[in-house]
Amino acid sequence: MRLSVERKPVKVLPDTKRVIARFFFNGEERALELIKKILAMDKEKVFSITSPLLQDFSKRHRSITKKLLQHCERVRPIIEKLGADYNALDEFTKLLIGSYFTHEYSIESAAFFNPSVVQDPDQTNLEEGQLRVILSFRAVGEGHVSSVVFRRAIIDRNNNITVIPAGNYIDEAEKIHNLVYHKRQFIKKAQEEDINDEFLKIVDEKLEDRFDYQQLKALILEVKKNTTDRKTIMQYNSILALSDSYRRISFSKDTDISDRVIFPISDFEIKGIEDARFVRFTEDNGRVVYYATYTAYDGLHIMPKLLKTTDFYEFKTSPLHGEGARNKNLALFPRKINGRYAMLSRIDGWNNYLMYSDNINEWENPIKIQEPEHPWELVQIGNCGSPIETEYGWLVITHAVGSMRRYSIGASLLDINNPEKEIGRLKEPLIMPNPDEREGYVPNVVYSCGSIIHNGELVIPYGLSDHSSGFATVNLKTLLERLMQGG
């Protein structure tokens, strides 16, 4: 019974033309001098600079004027510091000011890898045997900043894959909302986390019954000035990190899914949103919702977080916490098991763990279920996305690291009712980097964040040496039979 893996000819490559217009600020002193010079220009001069600029960049952005005006609004306090009446400024002056505080960022100039795949909510207008899917990728640009981007694809009856070309524009979320906190609930949760009682007294005294992140941040910055104790300062930073993790973001309904990028929006994920593992989750009442676990990174610390959406236009982010929500590699099961949420994790960096919870954001009591056994996985073993339900058990696609830090993709089978029990594990890798796949930003790596079953085969999208992405398929029945026999 030979396992035959077919690598598809389709490759998804990074595209340097995919740019977003981001706010650029180089300090208040320089901003004051810059704006002073712009305000000194007459209207004809302003128009002569702004008009060709808009003609040039409107070809690269859906609504560049809207973005420039937003960026001008962000430096409004500096404009008013110079004595100018902001409301009296004409539109072209505001656009020109905004342009000097804007830069283009190529979100996937360095890499486009570590994909996951889920069934698209829209399955209309398809031929028999076709499946429309949504692919998510980790896109990396200048400074190794990671974001989440999307593509649509069609898998046909023969499991040939067509990735729909991306649109001409790409946009960050149109609206970003900080959630409002209820003071009583916030204090209760903070007490559970052993947050400094003195600080909680200050929160109780100075904040209203309902407050948002910016109000909390201002208060924390105020009280931090009065302490030099490193432990206390770190605790205040932890409060900010936790509070800043609750966000709602929304994209314009006139965007294609390939136009949307979930770019770091929090101080505590400023260096990246890494390796989102999307899963189509079915609730007890049959309602479908999409979740993604991902890693937020600020350059020093990592924080496991959760994305939630039903339509891929509106997203809610929240932190994952608890003893089991540490390190990277969390992957949610696609339904509850015995009435509880279930999650895979790799809290110690090299073994696979299983957790159960009544609250999707809180994870305690991780149980070790797998450890490295074979030479190609002795450094570490982890998941390659959420488990997939089959008639024989939970199919878990794994990643493993062996000698020379070579990453491979394997597979395991867990008991359907008791996933703590491993039924079988492949003794040899399912996919190893071949000569065409081993060169890239990080050599000798194949890695996936989620697979899907279609037409009797397992379809695995996977990253190629942290540079680009490809696809492979394997017969599902053959794979499961091998696992049932122990690998």
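The values are calculated or read from the model by the stated rules, or taken from the named source; none is laboratory data. Everything numeric here is computed off the predicted structure, so don't read it as measured data. Heads up, the Cβs are rebuilt from the backbone with ideal geometry, glycines too, and the neighbour counts pull from every protein chain shown. When the accessible area is computed, the model is the full protein with side chains, heavy atoms only, and any ligands, DNA or RNA have been set aside. Shrake-Rupley method; radii C 1.70, N 1.55, O 1.52, S 1.80 Å.
Assigning unit charges at the beta carbon (Lys, Arg +1; Asp, Glu -1) and nothing else, what dipole magnitude in debye, to the nearest 20, does the stretch 1-138 show about its Cα centre?
For this selection, approximately 420 debye.
Could you check the simple spin-label distance between R76 and K17, using points 7 Å along Cα→Cβ, in nm with one decimal?
Inter-label distance under the simple model: 3.7 nm.
Which order do peptides 435-442, 40-47, 347-354, 128-135 fall in by mean Cβ count within 10 Å, highest first?
347-354, 128-135, 435-442, 40-47
Mind ranking 421-434, 89-102, 448-461, 365-378 by how tightly packed they are, going by the mean number of other C-beta atoms within 10 angstrom, highest first?
448-461, 89-102, 421-434, 365-378
Whenever you get a sec, compute what percent of the accessible area on the stretch 232-314 sits on carbon and sulfur atoms (1.4 Å probe).
Answer for the stretch 232-314 is 51 percent, counting heavy atoms of protein chains only.
Just the projected area, averaged over all directions, of the convex hull on the alpha carbon atoms of the chain: how many nm²?
So the Cα hull casts an average projection of 26.1 nm².
Mean separation of Cα pairs under 8 Å and 6+ residues apart, divided by the residue count of the stretch 323-428: what relative contact order is that in percent?
Once divided by the residue count of the stretch 323-428, the mean separation gives 20 percent.
Which ³J(HN,Hα) values in Hz, rounded to whole numbers, follow from the phi angles of the stretch 3-17 under the Karplus curve 6.51 cos²θ - 1.76 cosθ + 1.60, where θ = phi - 60° and Gly and Pro get x?
With coefficients 6.51, -1.76 and 1.60, one gets 8, 10, 9, 9, 7, 7, x, 6, 10, 10, 10, x, 10, 5, 7 Hz.
Give me the distance between the Cα centres of the stretch 278-341 and the stretch 396-463, rounded to whole Å.
Cα centroid of the stretch 278-341 versus Cα centroid of the stretch 396-463: 21 Å apart.
Starting from the Cα of N237, step 7 Å along the direction of its Cβ; do the same at V379; then give the gap between the two resulting points in nm.
2.8
From the square roots a ≥ b ≥ c of the eigenvalues of the alpha-carbon gyration tensor of the stretch 314-363, which class results: rounded (a/c under 1.5), prolate (a/b over b/c), or oblate?
Here the stretch 314-363 falls in the oblate category.
What would the Debye equation give as log₁₀ I(q)/I(0) for the stretch 1-153 at q = 0.11, 0.13, 0.18, 0.21 Å⁻¹, counting only Cα atoms as equal point scatterers?
Log10 I(q)/I(0), no solvent term: -0.62, -0.76, -1.08, -1.27.
Taking the Cα-to-Cβ direction at K217 and at A40 and moving 7 Å from each Cα, how far apart do the two end points lie in nm?
Distance between the two pseudo-spin positions: 3.4 nm.
Starting from the Kirkwood Rh over alpha-carbon pairs, what translational D in µm² s⁻¹ does the stretch 155-303 have by Stokes-Einstein at 10 °C and 1.306 mPa s?
In µm²/s, the coefficient is 86.
With θ set to phi - 60°, apply the Karplus curve 6.51 cos²θ - 1.76 cosθ + 1.60 along the stretch 163-173 and write out the HN-Hα couplings as whole Hz, x wherever there is a Gly or Pro.
In residue order, the calculated couplings are 8, 5, x, 6, x, 7, 10, 9, 9, 6, 4 Hz.
Lys and Arg at +1, Asp and Glu at -1: add these up for the other residues within a Cβ distance under 14 Å of S109 and post the number.
Computed value for this residue: -1.
For D171, enumerate residues with amide H under 5 Å from its amide H, sequence gap 5+ or separate chain, H modeled in the peptide plane.
Residues meeting the amide H criterion: R260, V261.
So what's the back-of-envelope 222 nm ellipticity for the chain, counting only DSSP H runs of four-plus at -39500 (n - 2.57) apiece and dividing by all residues, rounded to 500?
Value at 222 nm, helices only, nearest 500: -7000 deg cm²/dmol.
In Å and on Cα atoms, what radius of gyration and Dmax does the stretch 308-417 show?
Spelled out, the Cα radius of gyration and Dmax of the stretch 308-417 are 14.5, 44 Å.
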